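**Q** Handing you this structure, nothing more for now.
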Amino acid sequence: MRGKFIIGNWKMNYSLDESIVFIQELLKIEYLKDVQRTIQIGIAPSYPFLDILKKMCKNAVLIIAQNIHHHDSGSYTGEVSAKMIKSIDIDMVILGHSERKEKFYETDDILLKKILQALKYDIKCIFCVGETLLQRNNNNHFNIIKDQLQNTIFHLSSKEVQSVIIAYEPIWAIGSGTLPQESQIQKMHYYIRNLFLKQYGSLIASNINIIYGGSLNSSNAKKILSQQDIDGGLIGNASLIIHEFINIINHCIKLSK
Ligand code: PGA
């Protein structure tokens, strides 16, 4: 059976002190270790805090990078490589987030290089795909997601793709408080799973984790996370508020019982 993932993407928020206080609160949840086999809880903080938070969490909470560069090393001022994050035991990274595409001009070509770079260091990828509101209104959203996967993930071998989690994040739902109905999200996740079925066969399709992101919070988590093909969430704003994040985890735990 596929496990579930509840991942907080902190983006460019929280200082060191604020990050530590949050993680201390999270680690107080006694059942965290017990649920680990079925639910993986993760936080993606800013680069400077990866090491210290990883040491705090040991393996109770996944500590995840928000990005990597597609080269090992070199003259790339301000960049951080897969090799560097692996050297501090970080083994998961978010790639393809729409904010990176929009604000930092990351293309599918660059993203494929980043994915391959992560896999070279045995780092799992949470790979984001999503459409704009215009694309959805034009009923083009399924094609857009298919293209995004074909240009990137579908270049991977059957073995490599097992190190990938897909995050379906409609761009218009990110940080907006407006999101698709749970049935529409389920429909897209089912569609994505079917694309994996055609590309890689039934075993990989049934095992690939497809999580949802975009204005997920404790009020809508139950409806969304109870859908058959939704294997968890990638959470921005609500992951910055400890009780919100814990409530989402609790919904996920109740649903998986
Ligand atoms: P949001 O962000 O939960 O604030 O919409 C999600 C994301 O960007 O991953």
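Bear in mind these aren't lab numbers, they're just calculated from the coordinates by the rules spelled out. Everything numeric in this text was worked out from a predicted model, so none of it was measured. Cβ coordinates were reconstructed from backbone atoms using ideal geometry, including for glycine residues, and neighbour counts include every protein chain displayed.
**Q** Only Cα pairs under 8 Å and at least 6 apart count here; give the relative contact order of the chain as a rounded whole percent. Please list the in-between numbers first.
**A** Values: 451 pairs, mean separation 51.2, N = 257.
Over the chain, the number comes to 20 percent.
**Q** Where the centre of each part is set by its Cα atoms, how far does segment 112-183 sit from segment 1-48, in angstrom?
**A** After rounding, the separation between the Cα centres reads 22 Å.
**Q** With each pseudo-label sitting 7 Å past Cα toward Cβ, what's the residue 155-residue 107 distance in nm, one decimal?
**A** 1.1 nm
**Q** Taking R0 as 25 Å, what FRET efficiency do you get between residue 255 and residue 51 from their Cβ-Cβ distance, rounded to the nearest 0.05? Mind showing how you got there, number by number?
**A** Numbers: r = 33 Å, r/R0 = 1.33.
Calculated transfer efficiency: 0.15.
**Q** Within 10 Å, count the other beta carbons around each residue, average over each peptide in 84-95, 140-151, and list them highest first. Don't skip to the end; give the middle numbers.
**A** Values: 84-95: 19.5, 140-151: 16.4.
Ranking the peptides 84-95, 140-151 by packing returns 84-95, 140-151.
**Q** At a Cα cut-off below 22 Å, give the lysines reachable from residue 86, other chains included and same-chain residues fewer than 8 away excluded.
**A** Within reach: 11, 54, 55, 58, 113, 114, 120, 124, 159.
**Q** Another question, if that's okay. Rounded to whole Hz and in sequence order, give me ³J(HN,Hα) for segment 97-102 from the Karplus expression 6.51 cos²θ - 1.76 cosθ + 1.60, θ = phi - 60°, writing x for Gly and Pro.
**A** After applying 6.51 cos²θ - 1.76 cosθ + 1.60, I find 4, 4, 5, 5, 5, 6 Hz.
**Q** Please grab the % of Cα pairs in segment 158-257 that end up more than 22 Å from each other.
**A** On the way: 1456 of 4950 pairs.
Result for the distance tail: 29 percent.
**Q** Now for a different question. Give me the Å³ per residue figure for the convex hull around the C-alpha atoms of segment 110-174. Numbers along the way, then the final one.
**A** Values: hull volume 5.2 nm³, N = 65.
Convex hull volume per residue, Cα atoms: 80 Å³.
**Q** Compute the distance in nm between two label points, each set 7 Å from the Cα along the Cα-to-Cβ direction, one at residue 197 and one at residue 15.
**A** Distance between the two pseudo-spin positions: 5.2 nm.
**Q** Still on this model: Provide the gained length on full extension for the span residue 87 to residue 120, in nm with one decimal, where the gain is 0.36 nm per separating residue minus the Cα-Cα distance.
**A** Numbers: separation 33, 0.36 × 33 = 11.88 nm, distance 1.32 nm.
Gain in length upon complete extension: 10.6 nm.
**Q** Then there is this: Would you list 176, 183 from fewest to most Cβ contacts within 10 Å? Can you show the working numbers first?
**A** Working: 176 13, 183 9.
Placing the least packed residue first, the sequence is 183, 176.
**Q** Highest mean first, what order results for 62-70, 154-162 on Cβ atoms within 10 Å? Each step should come with its number before you reach the end.
**A** On the way: 62-70: 22.8, 154-162: 14.3.
Ranking, from highest mean packing down: 62-70, 154-162.
**Q** I'd like to know which of 176, 132, 235 lies farthest towards the positive end of the charge dipole of segment 121-247, counting +1 on Cβ of Lys and Arg and -1 on Cβ of Asp and Glu.
**A** Among 176, 132, 235, the one farthest towards the positive end of the dipole of segment 121-247 is 132.
**Q** Given a 10 angstrom Cα cut-off, can you work out which residue in 139, 247, 209 is the most mobile in a GNM of the chain?
**A** The residue with the greatest mean-square fluctuation here is 139.
**Q** To one decimal place, what Kirkwood hydrodynamic radius in Å is obtained for segment 69-118 from all pairs of distinct Cα atoms?
**A** On the way: mean 1/r = 0.0873 Å⁻¹.
For segment 69-118, inverting the mean 1/r across all distinct Cα pairs yields 11.5 Å.
**Q** Dividing the convex hull volume of the Cα atoms of segment 85-226 by its residue count, what figure in Å³ per residue is obtained?
**A** Details: hull volume 17.3 nm³, N = 142.
Taking only Cα atoms, segment 85-226 has a hull volume of 122 Å³ per residue.
**Q** Can you pull the three principal axis extents for the Cα set of segment 15-168, in Å, largest first?
**A** 46, 38, 33
**Q** I'd like the FRET efficiency for residue 32 and residue 140, computed as 1/(1 + (r/R0)^6) with the beta carbon distance as r and R0 of 51 Å, rounded to 0.05. Could you put the intermediate results ahead of the total?
**A** Values: r = 41 Å, r/R0 = 0.80.
Approximately 0.80, to the nearest 0.05.
**Q** Ranked highest first by the average count of other Cβ atoms within 10 Å around their residues, in what order do 128-138, 40-50 fall? Write down the numbers at each step before the final one.
**A** Numbers: 128-138: 18.3, 40-50: 20.4.
The densest-packed peptide leads the list: 40-50, 128-138.
**Q** How many times 2.2 N^0.38 Å is the alpha carbon radius of gyration of the chain? The partial results should precede the final answer.
**A** Details: Rg = 17.1 Å, N = 257, 2.2 N^0.38 = 18.1 Å.
That ratio works out to 0.94.
**Q** State the dimensionless ratio Rg/Rh of segment 7-92 (Rg: radius of gyration of Cα atoms; Rh: Kirkwood radius). Before the final figure, lay out the partial values.
**A** Numbers: Rg = 13.6 Å, Rh = 13.6 Å.
With Rg and the Kirkwood Rh in hand, the quotient comes to 1.00.
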